[in-house]
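First comes the structure, then the notes that go with it.
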């Protein structure tokens, strides 16, 4: 598999390009609209055809590239069935599989950061790769105080879904603000300060004490992302 | 091998952590001083002991973490024999090997960006990994207009050394300003605009036409880095 992690410096967002070596078909996870030209250049240089672009959830801190990529390439665009986006080819739900060439990603519904938050898992004998969106971050987790977020649901998503994956699963998050790129389930179990809580009640208390300011772009990004990146 | 690429957002610098799973000994390439605490935390969480910290060259755009890491961990600190740094445990030269546990990095002298520029190559059956400093960047190359840089030498370093590595060698650069993290020798051969020149003469013309402003931090970083990061 051809694999590239891509970084948007403005919003500290990671996007992921997965390309199948046999069919030369590719998938982009969480593309950023400002990187559309760069992403198209990279696809072309790697000899890949974009078949599918997906968002893990409705982002509030950057504008999605889904709409622009579909316009330019005709790729399919998908988000979870809970998404309010009005411009998707199709939606996915828990237990579905995203297939691009020989790449098969398992779809995990992991609400909490938002009510449309999903993670994608690529199983492999080495523990595989988890694209965890803003559900599980490196030494952190996505805030749960807007967009129908729920610390209670996030606790379940983290402890009963993601942390049940093999310890050696590589964790590729939706963001990192300190310059770290990847982690593992075992590492997060042991060293993520938000995962050291005694129970769901303690997790809810921890998250409700955060009192974070709203993201700068929220009032622009959320409506834009419900139109796959069209800014009105 | 435990491997982590780390990003300093301020200077768009990549640092690299390589850890040997058997001995739990580790090496850091191009650490940034501001990330010292973070790097020490990561080493500890991964159960690694830092044995060696190296710089690919004297950086002009950020302050090295070599001195701070040595103070905190007692690790060895190394740079190339051409370096003017007054604070190294030892120097390396072309053809040397850096050994940390079972990890063996080949030292390649690749002058051009500066006269003390080195690259490190980890041979493997899959093409291996190249840590190319500022000699070979993703779709670019390091400027050659200060610190005894030389476009002529850089052409030789690129075409006669680095591009002779297997096409599937992964290229991990010292910086990237567009959010790309890794490339390959084959990809750079085909798509790096600076490597499409007809000959050395054309490369020198291309580099001398760049007329870049000096890096913001140059007057602070270069002397500081000659003292392994001590800012006087």
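Any read-out appearing in this document is the output of simple, stated calculations on the displayed coordinates, not a laboratory observation. The shown structure was predicted, so the numbers you read here are calculated from the model rather than taken from an experiment. Don't worry about glycine lacking a Cβ; one is built from the backbone with ideal geometry, like all the others, and counts go over all protein chains shown.
Along Cα-to-Cβ, 7 Å out, sits the label point; list in nm, shortest first, how far the one on residue A:127 is from those in the other copies.
2.4
Going by average Cβ density within 10 Å per residue, which order do the peptides B:155-164, B:72-81 take, highest to lowest?
B:72-81, B:155-164
May I ask you to derive the FRET efficiency for residue B:201 and residue B:160 from their Cβ-Cβ distance with R0 = 22 Å, giving the value to the nearest 0.05?
0.90
Hey, got the average number of other protein chain Cβ atoms within 10 angstrom for residues in A:4-15?
Partner-chain Cβ atoms within 10 Å, mean over residues of A:4-15: 3.
Just to be sure I understand: of the beta bridges DSSP finds with both ends in segment A:21-141, what percent are antiparallel, rounded to 5?
55 percent
In whole percent, what relative contact order does segment B:2-217 give with Cα contacts below 8 Å and a gap of six or more residues?
15 percent
With each run of n ≥ 4 DSSP H residues scored as -39500 (n - 2.57), what mean residue ellipticity at 222 nm is computed for chain A after dividing by its residue count and rounding to the nearest 500 deg cm²/dmol?
It comes out at -5500 deg cm²/dmol, rounded to the nearest 500.
When DSSP assigns beta bridges and you keep just the ones with both residues in the protein assembly as shown, what percent turn out antiparallel, to the nearest 5?
Numbers: 58 of 87 bridges.
Antiparallel bridges: around 65 percent, rounded to the nearest 5.
Rounded to a whole number of µm²/s, how large is the Stokes-Einstein D of the protein assembly as shown at 20 °C and 1.002 mPa s, given Rh as the Kirkwood radius over C-alpha pairs?
Details: Rh = 23.2 Å.
Estimated via Stokes-Einstein, D reaches 92 µm²/s.
Show me the ranking of peptides A:127-139, B:212-224, A:170-182 by mean Cβ neighbours inside 10 Å, starting with the highest.
Those peptides, ordered most packed to least, come out A:127-139, A:170-182, B:212-224.
I'd like the orientation of helix B:36-45 relative to chain B: the angle between its Cα long axis and the longest Cα principal axis, in ° from 0 to 90, rounded to 10.
Tilt of helix B:36-45: around 60 degrees.
Rounded, prolate or oblate: which one fits segment B:1-123, using the alpha carbon gyration tensor with axes a ≥ b ≥ c (rounded when a/c is under 1.5, else prolate when a/b beats b/c, else oblate)?
oblate
Work out how much length residue A:23 to residue A:178 would gain on full extension: take 0.36 nm times their residue separation and subtract the Cα-Cα distance, in nm to one decimal.
Answer, rounded to one decimal: 52.2 nm.
Nm distances between the label at residue B:220 and the same-position labels in the remaining copies, 7 Å along Cα→Cβ, shortest first?
3.0
Going by how many other beta carbons lie within 10 Å of each one, how would you line up B:25, A:188, fewest first?
Taking fewest neighbouring Cβ atoms as first place, the list is B:25, A:188.
Using C-alpha positions alone, give me the convex hull volume of segment B:2-217 per residue in cubic angstrom.
Enclosed volume per residue, from the Cα hull, is 112 Å³.
Over the whole of A:37-47, what's the average partner chain Cβ count within 10 Å per residue? Rounded to a whole number, please.
2
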